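Read the structure below first, then the notes.
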Amino acid sequence: MKITLTPKAEAFILRMIRMGSGGDPDAGMRLTASPGGCSGLATEFTVERGPQEGDAIWEGKGCRLFIPRESQPLLQEAILHFVENPMETRLIVLSGPTGSCSCSQEAAASVEGSPGQGG
């Protein structure tokens with residue numbers, strides 16, 4: 001599974017894991033995606049002490065993501081970005097197999113720096 005994190009998404013995920021794991025080195029963020037939302041995907045996340053059965057484990061730049069089986073096709077080749085402004089705070093999918101909408105394209109154009117790549 002190939003997922004790319006923008007620098008803002010990377011910082012957000014690392015911060016959430018650090019705050020929510022109690023220092024557990026095996027912890028990560030469980031990220032689920034489902035059809036819906038402006039980008040074509042709605043995301044939800046929780047910090048977990050380890051993956052659940054069927055989860056794919058993605059690691060890169062110190063981040064660990066646990067991707068449930070049903071979300072794996074939706075997040076294949078995804079670029080994740082974190083948006084925080086007075087109107088919203090959320091993790092969004094800028095691209096991937098579901099395509100993108102105009103608000104995702106605008107977010108992609110405003111991303112500062114190059115995306116961080118994971119394994």
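Could you check segment 54-87 and list, in sequence order, the residues that are under 17 Å from M1 (Cα atoms) and acidic (D, E)? Within segment 54-87, D55, E59, E70, E77 meet the criteria. For segment 55-64, check the following and say yes or no: at least one residue is in contact with a Ser or Thr (Cβ under 6 Å, 6 or more places away or on another chain) and at pLDDT below 95. No, segment 55-64 contains no residue that is in contact with a Ser or Thr (Cβ under 6 Å, 6 or more places away or on another chain) and at pLDDT below 95.
Screening A9 on (1) assigned to a strand (DSSP E or B); (2) open to solvent by less than 60 Å² (accessible area, probe 1.4 Å) shows it passes everything except condition (1). Sub-9 Å Cβ pairs linking a first residue in segment 77-96 that is closer than 15 Å to A42 by Cβ and free of Cβ contacts under 8 Å to residues at least 24 places away in the same chain to a second residue that is assigned to a strand (DSSP E or B) and of a type in the set (F, W, Y), at least 6 apart or interchain, are T89/F82, ordered by first then second residue.
Of all residues in segment 12-32, those satisfying the criterion of being open to solvent by less than 10 Å² (accessible area, probe 1.4 Å) and either part of a strand (DSSP E or B) or among the hydroxyl-bearing types (S, T, Y) (or both) are S21, G28, M29, L31. Might you check whether a residue that is open to solvent by 70 Å² or more (accessible area, probe 1.4 Å), within 11 Å of the chain's Cα centre (by Cα) and at pLDDT 90 or above occurs anywhere in segment 79-102? No, segment 79-102 contains no residue that is open to solvent by 70 Å² or more (accessible area, probe 1.4 Å), within 11 Å of the chain's Cα centre (by Cα) and at pLDDT 90 or above. For segment 35-62, give me each residue that is farther than 12 Å from L91 by Cβ, in a strand (DSSP E or B) and open to solvent by less than 50 Å² (accessible area, probe 1.4 Å). Matches in segment 35-62: V47, A56, W58, G60.
The values are calculated or read from the model by the stated rules, or taken from the named source; none is laboratory data. Every value quoted in this text rests on a predicted model; they were computed, and no experiment measured them. Because the Cβ atoms are built from the backbone with ideal geometry, glycine has one as well, and the counts that use them run over all protein chains shown. Please note that ligands, DNA and RNA were not included when accessible areas were found on the heavy atoms of the full protein model with its side chains. Shrake-Rupley method; radii C 1.70, N 1.55, O 1.52, S 1.80 Å.
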